[in-house]
Amino acid sequence: MKMLKLALLILPIFILGCSDSGDSPTAPSNGGGGTVTDPSFATDIAPLIVGNNCLNSGCHGSGSISGGLSLGSGSYSDIRNGAGLHGAIITVNNAASSNFYLKLTSSPPFGSQMPLTGTKLSTTNLDKIRDWINQGAKDN
């Protein structure tokens, strides 16, 4: 009898907890920018590294270690596996912990926003980098 009373007490809680509220799923917030669907390293990320002077002599290209960071040739392997004075460049699936992404934002946790010279990345291009990292920083 006690078991039946307990079951009758728990059943409504279980039913309410498992019921569908009817709300549609929402996309995660991305800081106001658009979402890039499956960004590609080759077509979306690599051109930003080359096009924004990251690899120029005296900055982060082969043989240059400005700020303790060399991006080598800018290849996928150099970016994905690289590290600087503040740790790994990329934290896969976590742009918010990736130094590569953070240094491109307006308030990096250390040093100055990159690139130091030239045009800062647009919100769209920052979104590409963020989404690429959050989606696994794939070599695609």
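Read-outs: derived from the displayed coordinates by stated rules, not from any lab. Bear in mind that the values here come from a model prediction, so they are computed numbers and not experimental data. When we count neighbours, we look across all protein chains shown, and the Cβ atoms used for this are built from the backbone with ideal geometry, even at glycine.
Of the residues making up segment 74-103, those that are over 18 Å from GLN113 (Cα atoms) and loosely packed, with under 14 Cβ neighbours inside 10 Å are SER77, ASN81, ASN93, ASN94. All of (1) in a loop (DSSP other than H, G, I, E, B); (2) at positive phi hold for GLY67 with one exception: (1). The criterion of at least 3 residues that are more than 11 Å from ILE45 (Cβ to Cβ) and not charged (D, E, K, R) is met by the following helices (runs of 4 or more DSSP H) wholly inside segment 76-140: 123-134. Scanning segment 81-137 for residues that are within 18 Å of GLY61 (Cα to Cα) and within 12 Å of the chain's Cα centre (by Cα) turns up ILE89, ILE90, ASN99, PHE100, TYR101, LYS103, LEU104.
Residues to consider are LEU102, LEU85, LEU69, LEU116; find the one that is under 22 Å from ASP38 (Cα atoms) and either in contact with a helix residue (DSSP H, G or I) (Cβ under 7 Å, 6 or more places away or on another chain) or not basic (Lys, Arg) (or both). Don't jump to the end; show me each part of the working.
Numbers: LEU85 fails: under 22 Å from ASP38 (Cα atoms); LEU69 fails: under 22 Å from ASP38 (Cα atoms); LEU116 fails: under 22 Å from ASP38 (Cα atoms).
Residue meeting the stated conditions: LEU102.
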